[in-house]
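Colleague: Have a look at the structure that comes next, please.
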Amino acid sequence: MKWTYDWLKQYLKTDLTAAQIAETLTRTGLEVEDLSAPAPFVAARIIECRPHENSDHLHVLKVDDGTGATRQVVCGAPNARAGLVSVLARPGCIVGGREIQSGKLRGVVSDGMMCSAREIGAGDDDDGIIELDADVAPGTVVVAPPVVFDAGITPNRPDYLAVRGVARDLAAAGAGEYLDAPVKHLDAKSGARAVHVETPLCGVYRFCEIHGIKMGPGDKTISARLAAIGINPKNAPVDATNYVCYDMGQPMHCFDADKVCGDIVVRTARDGEEFADLFGAAHTLCASDVVIADDAGVLALAGVVGGARAAASDDTKNIILESAYFDPVAVRKTAKRVGMSTDASYRYERGIDPTMTAAALAAATQIVLDACGGKIVAVECGGADDYPAPEIEYNPDLFRKKTGVSLDADVQRRILENLGYAVRCDGDKWIVVPRPARVDVRIAETVVADLLRIYGYDKIATSRQHTTGDVRPHDDADWRMHAMLAARGLNETHSFGFGNSALESVLSDKPSIKIANPITSELDTLRNSLLGNMLTAAANNEKRGYPDLALFEIGTVFDGDAPGDQHTQLCILRMGAASPKHWQGRGRNVDIFDAKADLIALMRDRKFTVSDADAPLWAHPFRYGAIYQGKKKIAEFGQLHPAVAKKLRIKSDAVVAIVDDVFALPSRRAACAAPLSDFQPIKRDFAFVVDASMPAENLVDAARRADSRISDAVVFDAFAMDDGTKSIAFTITIIPTENMSDADLMKIQDAVINAVESKCAARIRDR
């Protein structure tokens with residue numbers, strides 16, 4: 001979306017510079033991607049004029065542009081001569097949409113361009129360069145081109161596609177006073193033709209028929225503003241429709257009334273119906289397309305593009321101006337199907353102000369009458385402005401609950417009213433009604449977002465607690481988890497919230513949530529796990545020569561397509577070498593114990609058990625484990641299944657750890673650290689013989705639970721025996737709370753032996 005500074009100031013009384021305006025817009029949610037201030041055109045005196053040595057019609061000029069140094073310019077104007085004061089476009093000026101640059105013409109350097117009246121927009125004369133009065137001082141600014149803003153519009157803010165909408169937001173942000181233009185409507189007037197709306201996909205259709213116009217150029221200010229934003233001025237009626245589109249956000253179209261046969265009908269197309277657009281392209285329509293038609297056929301594709309048959313030309317004497325509201329989804333489908341995006345479809349498919357049609361028609365009509373004369377012979381309307389304004393229940397305390405910031409209710413109300421909301425208060429129960437152009441506002445959370453961006457994101461406190469005592473919405477436990485994972489050598493990643501259905505079916509049995517209109521064919525679902533995108537990233541890294549990875553991501557995954565059908569998951573991936581090669585020792589590749597260690601670190605000394613049952617599709621069936629607390633699965637880890645690795649062309653060893661719901665992870669809650677003991681820790685070694693199928697984790701877990709003073713148990717030896725059993729040896733660490741005798745230690749040792757033997761069907765090894 002582009003607009004000029006002077007255009008904006010028509011609706012905003014402000015003392016801010018263009019740069020300050022751009023900063024304010026970016027700060028409040030509308031990112032200004034470019035602020036263009038072309039160099040001005042200045043007066044320059046020709047000091048010397050000589051023929052070009054390689055041309056029979058060009059001249060080489062030496063000019064004084066007021067800088068104190070002469071400038072050489074190559075010029076082909078027949079009236080160029082020494083002593084003439086004319087207009088110079090120095091490098092950096094924009095002429096005809098192109099930036100002037102220094103260069104060579106026929107081998108001679110030209111450092112600028114002498115301009116005609118047409119080239120600076122001062123008239124139609126193009127026979128020679130402008131001749132200014134001889135007393136005009138060199139360097140005097142003759143024309144100062146408009147400052148142009150170029151902003152990136154997000155899909156949820158179609159109200160920004162109108163200069164008036166931008167001005168209103170700036171006024172609410174304290175950048176100035178909003179100058180609300182008076183709204184005018186045309187009185188209904190019956191003429192020779194009527195309009196019939198035959199589809200609910202058109203809410204309202206209005207037209208004004210004007211006869212006896214004198215086709216010609218439009219208002220100079222309007223033409224200059226359109227030219228500055230990249231729209232070539234054509235004639236007054238076409239310029240009027242383009243101008244209103246950018247000024248008010250209402251797309252319009254102009255027909256040659258003499259080429260329209262009978263009444264205007266808004267209907268859906270017939271399958272196979274043919275249509276030729278303004279640009280000469282032919283289209284075969286289908287029943288889902290909405291069209292503007294007459295007795296002879298289709299005049300325009302509603303909301304997308306006009307047709308060639310009734311296009312206005314320089315010979316047009318009678319015109320029809322249309323202003324309508326079309327269903328956004330219908331316009332989007334048609335524009336997508338025919339492969340066309342226009343200023344009109346861009347606005348319609350995002351949602352325009354459904355109450356603007358009448359005011360826009362009146363504004364465009366007045367522009368045409370002022371420039372071309374003529375007489376209104378008909379003003380017709382089909383359908384109605386039936387717009388049920390959404391009434392949103394809102395409590396001022398919701399702002400604090402969602403942001404952690406307390407904002408006075410009176411301040412909230414003032415901000416909302418400045419943004420155009422209607423606010424009805426009954427104590428803490430408010431009803432807020434957004435202005436019709438804010439089609440994005442339907443829930444209370446959007447109201448909070450509006451308040452927050454105007455209040456200022458920079459005013460959100462960064463301390464642990466606010467003065468009100470409210471804890472930040474994102475408490476320190478979340479950041480501790482990120483910090484802990486980073487401290488373990490893992491790098492955080494962020495991926496799209498979409499997934500690939502083909503890959504998801506290989507990784508798990510969870511259903512895929514398909515997207516009706518995916519951004520790419522590879523991302524056709526709402527992701528049901530973080531693993532798919534992480535494995536894709538790992539495969540791409542390995543392909544490019546980076547196989548050694550340690551990654552984690554914490555993000556939202558989706559269980560369905562309804563609100564609330566999502567949760568936050570943690571995924572860890574380690575791949576390739578566990579550590580870089582070094583002369584002091586041999587390196588090793590990652591294994592499942594690296595992934596298990598990451599999860600154990602997150603458990604923060606909580607008790608847990610491990611099971612190797614029910615491995616998911618992504619995991620190697622014999623190199624997998626799940627961590628449980630009671631009967632609840634907390635996390636799982638394992639080596640990537642060879643079939644999955646082969647499908648993704650991953651050649652390096654890869655291990656994965658997944659916490660499906662991080663909010664259930666014990667480490668998210670602050671752990672109460674045990675006081676440091678005054679006594680030195682005591683270590684004791686044990687060796688047991690168990691069945692070969694018994695996990696070692698079961699033994700150490702039973703040992704840890706034998707006595708509250710046992711802080712840790714670590715396996716240091718394991719080997720298989722010939723009779724189908726195996727030997728497991730581990731060390732326990734005892735933290736005494738008082739002086740302990742040998743008898744006290746023996747009680748703990750006996751408790752460990754009894755616990756392991758009874759719970760794991762083990763026996764103490766005697767040798």
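Colleague: Considering amide H positions built from the backbone, and no H for Pro or chain starts, which residues 5 or more places from GLY249, or on another chain, come under 5 Å of its amide H?
Modeller: Hits under the 5 Å cutoff: VAL163.
Colleague: Okay, moving on. Run the dipole for the chain about the Cα centre, Lys and Arg Cβ at +1, Asp and Glu Cβ at -1, nothing else charged, and hand back the magnitude in debye, nearest 20.
Modeller: Its charge dipole is roughly 1800 debye.
Colleague: Which of THR154, ALA539, ALA437 sits farthest toward the positive end of the charge dipole of the chain, with +1 on the Cβ of Lys and Arg and -1 on the Cβ of Asp and Glu?
Modeller: ALA539
Colleague: Hey, what's the chain come to in accessible area per residue, 1.4 Å probe, Å²?
Modeller: 49 Å²
Colleague: Assuming R0 = 56 Å, what is the FRET efficiency of ASP661 and THR284, from their Cβ-Cβ distance, to the nearest 0.05?
Modeller: FRET efficiency, ASP661 to THR284: 0.65.
Colleague: Turning to a different aspect of this structure: Which lysines, on any chain, are close to LYS429 with Cα under 27 Å apart, when same-chain ones fewer than 8 places away are left out?
Modeller: LYS401, LYS402, LYS459
Colleague: Show that you can apply the helix-only estimate: for the chain, add -39,500 (n - 2.57) for every DSSP H stretch of four or more residues, divide by all residues, and state [θ] at 222 nm to the nearest 500.
Modeller: -7500 deg cm²/dmol
Colleague: Extending each Cα 7 Å along its Cβ direction at MET340 and ARG400, get the distance between those two points in nm, one decimal.
Modeller: If labels sit at MET340 and ARG400, their model points lie 5.5 nm apart.
Colleague: Using a Förster radius of 25 Å, what is the FRET efficiency between THR556 and ALA601 based on their Cβ-Cβ separation? Nearest 0.05, please.
Modeller: Here the calculated transfer efficiency is 0.60.
Colleague: So who's got an amide H within less than 5 Å of the one on PHE498, skipping anything under 5 residues away but keeping other chains? H placed 1.01 Å off N, in plane.
Modeller: ARG527
Colleague: Work through the residues other than ARG649 whose Cβ is under 14 Å from its Cβ and net out their charges, Lys, Arg +1 and Asp, Glu -1.
Modeller: Residues close to ARG649 contribute a combined charge of +4.
Colleague: Tally up the carbon and sulfur contribution to the accessible surface of the chain as a whole percent, 1.4 Å probe, everything protein left in place.
Modeller: 51 percent
Colleague: Need one number: nm distance between label points at ALA144 and SER758, each 7 Å from Cα along Cα→Cβ, rounded to one decimal.
Modeller: 9.2 nm
Colleague: Choose one of VAL142, LEU503, GLY123: the residue whose Cα lies farthest towards the positive end of the charge dipole of the chain (beta-carbon charges +1 Lys, Arg; -1 Asp, Glu; about the Cα centre).
Modeller: Farthest along the dipole direction, towards plus: LEU503.
Colleague: For the pairs LYS333/LYS647; LYS13/LYS184; LYS510/LYS581; LYS220/LYS336, flag any whose C-alpha to C-alpha distance is greater than 30 Å.
Modeller: Correct reply: LYS333/LYS647; LYS510/LYS581; LYS220/LYS336.
Colleague: Follow-up question, since we're still on this one. Would you kindly find the accessible area of PHE496, with a 1.4 Å probe and non-protein molecules such as ligands, DNA and RNA excluded, rounding to the nearest 10 Å²?
Modeller: About 130 Å², ignoring ligands and nucleic acids.
Colleague: Going by average Cβ density within 10 Å per residue, which order do the peptides 25-37, 355-367 take, highest to lowest?
Modeller: The densest-packed peptide leads the list: 355-367, 25-37.
Colleague: Another question, if that's okay. What residues qualify as long-range amide H neighbours of ILE513, i.e. H under 5 Å apart, gap of 5 or more or another chain, H built at 1.01 Å from N?
Modeller: When sequence neighbours closer than 5 places are left aside, the close amide H contacts are LEU526.
Colleague: Something else about it: Evaluate the charge dipole of region 233-320 about its Cα centre and quote only its size in Debye, nearest 20, assuming +1 on the Cβ of each Lys and Arg and -1 on the Cβ of each Asp and Glu.
Modeller: The dipole magnitude comes to about 80 debye.
Colleague: Report the net charge of residues surrounding ASP591, where surrounding means a beta-carbon distance below 10 angstrom and charges are Lys +1, Arg +1, Asp -1, Glu -1.
Modeller: +2
Colleague: Moving on. All other residues with a Cβ under 10 Å from the Cβ of PHE255 taken together, and with Lys, Arg as +1 and Asp, Glu as -1, what is their net charge?
Modeller: -3
Colleague: While we're on this one: Which ³J(HN,Hα) values, rounded to whole Hz and listed in residue order, are derived for region 708-721 from phi using the Karplus coefficients 6.51, -1.76 and 1.60 in 6.51 cos²θ - 1.76 cosθ + 1.60 with θ = phi - 60°, glycine and proline given as x?
Modeller: 5, 7, 7, 8, 7, 9, 10, 6, 10, 7, 7, 7, 7, 10
Colleague: May I pose another question? Going by the alpha-carbon gyration tensor, a ≥ b ≥ c the square roots of its eigenvalues, is region 40-120 rounded (a/c under 1.5) or, if a/c is not under 1.5, prolate (a/b greater than b/c) versus oblate?
Modeller: rounded
The values are calculated or read from the model by the stated rules, or taken from the named source; none is laboratory data. Quick caveat, the model's predicted, so the values are computed rather than measured. For neighbour counting, all protein chains shown are included, and Cβ atoms are generated from backbone atoms with ideal geometry for every residue, glycine included. Keep in mind that these areas ignore ligands, DNA and RNA; they rest on the heavy atoms of the full protein, side chains included. Shrake-Rupley method; radii C 1.70, N 1.55, O 1.52, S 1.80 Å.
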